[in-house]
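Q: Below is the structure I would like to discuss, written out as structure tokens.
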Amino acid sequence: MRSDATQFELTSEPSLNAVLTKLAANPGKYTPLAGGTEIMVALSTGRLPQKPLLNILHLAELRFIREEPGSITLGANTTFTDIRNNAAIARELPLLIESASWTGAIANQNRGTLGGNIVNASPAADNPPVLLVYGAIITLISSTGTRTIPYADFHLGYKKTVLRPDELVHSVTLPTGFADYRQYIRKVGTRNALAISKIALGGLALVKDDTLTEIRLGAASLTDRPIRCAAAESALQGQSLAPQHLEATIRAGRAALASEARPIDDIRSTAKYRAAVAENLLEEFLRQIAKS
Ligand SMILES: Cc1cc2nc3c(=O)[nH]c(=O)nc-3n(C[C@H](O)[C@H](O)[C@H](O)COP(=O)(O)OP(=O)(O)OC[C@H]3O[C@@H](n4cnc5c(N)ncnc54)[C@H](O)[C@@H]3O)c2cc1C
């Protein structure tokens, strides 16, 4: 049943410090509100916990894109439109431009934030596979300071993260220097545009003399949380993509990916379909690399 919006209090504080102080003084009392594109859907479907909302979207301290030698850091309030319009990201992290361009329609991209996409912790969200393959580091902030963790360790399960009630996501740092890598991202949904994915796979690969010297794979909806596909990566590492070995390499990669697939079954798709399509996407990526 639809929630009654008048039952929700919304407060705003003038600075990040004031917000963090409020969160620390009242652990778990408030729901931070960034773009609200997840929260308003939860409100309309009656799933939003009955807690006061604490506005964070106006905090300039959380909205920035900073390029440094070897990395780009995005504040949690960076919107998908900010990402799409950023020349450094387009040059260094093209897969992130792609996933941002898929994250809902333009209105959604103007308002939805990277922080909200991560904290909402949907296994089907569009940007996590890209953050995983680029090796993102996430900075969390509270009134007592900051801590940084690999983004790969952020998700604990379906809609569960390591975030404490007194913490916010501050920023996401992505290493750069992937010019020599083959890069891949594909989302499979009901339609090409404006659909939550049934399954998505991102990939980065370094190839030397037909050999996969490094491969990274990140998946959405392959398990109850976004994951790096460790089994498939280790099965493929060091394998040959030369014509006489390609089919065996693909078989090994598919089998390893199948062994770690534990997809959810929900209204969008079945677990069986998701697992089969994930293998097909991996095969597509490997064939693309082998051809180029
Ligand atoms: C029509 C529509 C289409 C959509 N399509 C897609 C899609 O194609 N792909 C996709 O991945 N998503 C999609 N979404 C989901 C949503 O837009 C994204 O997940 C977006 O990134 C959420 O960001 P937000 O700022 O709006 O989050 P909010 O709704 O403000 O917050 C989401 C959650 O994150 C928490 N939060 C937000 N920021 C922080 C922070 N800095 N620190 C701690 N907690 C925080 C909030 O408390 C809340 O729990 C769609 C949503 C709608 C309404």
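Taken together, the values in this text are just the output of simple stated rules run on the coordinates, not laboratory data. Please read all numbers here as calculations on a predicted model, not as lab measurements. With ideal geometry, Cβ positions are generated from the backbone for all residues, glycine too; neighbour counts draw on all protein chains shown.
Q: Rounded, prolate or oblate: which fits segment 143-292 when a ≥ b ≥ c are the square roots of the eigenvalues of the alpha-carbon gyration tensor, with rounded for a/c under 1.5 and prolate only if a/b beats b/c?
A: Working: a/c = 2.11, a/b = 1.39, b/c = 1.52.
Here segment 143-292 falls in the oblate category.
Q: Any chance you could give the angle, 0 to 90 degrees and rounded to 10, that helix 271-291 forms with the longest Cα principal axis of the chain?
A: Compared with the principal axis, the helix lies near 60 degrees.
Q: Along the positive direction of the dipole of the chain (beta-carbon charges: Lys, Arg +1; Asp, Glu -1; about the Cα centre), which of SER142, ALA5, GLY238 reaches farthest?
A: ALA5
Q: What's the angle, to the nearest 10 degrees (0 to 90), between helix 16-25's Cα axis and the longest principal axis of the chain?
A: It is inclined by approximately 80 degrees.
Q: Related question: How far, in degrees from 0 to 90, does helix 243-260 lean away from the longest principal axis of the Cα atoms of the chain, to the nearest 10?
A: Taking the Cα atoms of the chain, the angle to 243-260 is about 40 degrees.
Q: Follow-up question, since we're still on this one. Running a GNM on the chain with Cα contacts under 10 Å, which residue among LEU222, LEU16, LEU132 ends up with the highest mean-square fluctuation?
A: LEU16
Q: Treat each spin label as a single point 7 Å out from the Cα along the C-beta direction, and report the VAL162 to ALA87 distance in nm.
A: 3.6 nm
Q: Excluding same-chain residues fewer than 8 positions from LYS208, which lysines have a Cα within less than 20 Å of its Cα?
A: Reachable lysines: LYS291.
Q: Of the candidates ARG191, ARG225, ARG216, which one comes out as most mobile in a Gaussian network treatment of the chain with C-alpha springs shorter than 10 Å?
A: ARG191
Q: Multiplying the sequence separation of LEU194 and ASN280 by 0.36 nm and subtracting their Cα-Cα distance, what value in nm do you get?
A: Values: separation 86, 0.36 × 86 = 30.96 nm, distance 2.21 nm.
Full extension from LEU194 to ASN280 adds 28.8 nm.
Q: Of GLN109, GLN244, GLN50, which is the most mobile in a GNM of the chain whose springs link Cα atoms less than 10 angstrom apart?
A: GLN244
Q: Sticking with this one: Per residue and in cubic angstrom, what volume does the convex hull of the Cα atoms of segment 190-231 have? Don't skip to the end; give the middle numbers.
A: Values: hull volume 4.0 nm³, N = 42.
Given the Cα convex hull of segment 190-231, per-residue volume reads 95 Å³.
Q: Cross-link partners among aspartates and glutamates for LYS198, C-alpha distance below 12 Å, same-chain residues fewer than 8 apart left out?
A: ASP126, ASP265, ASP266
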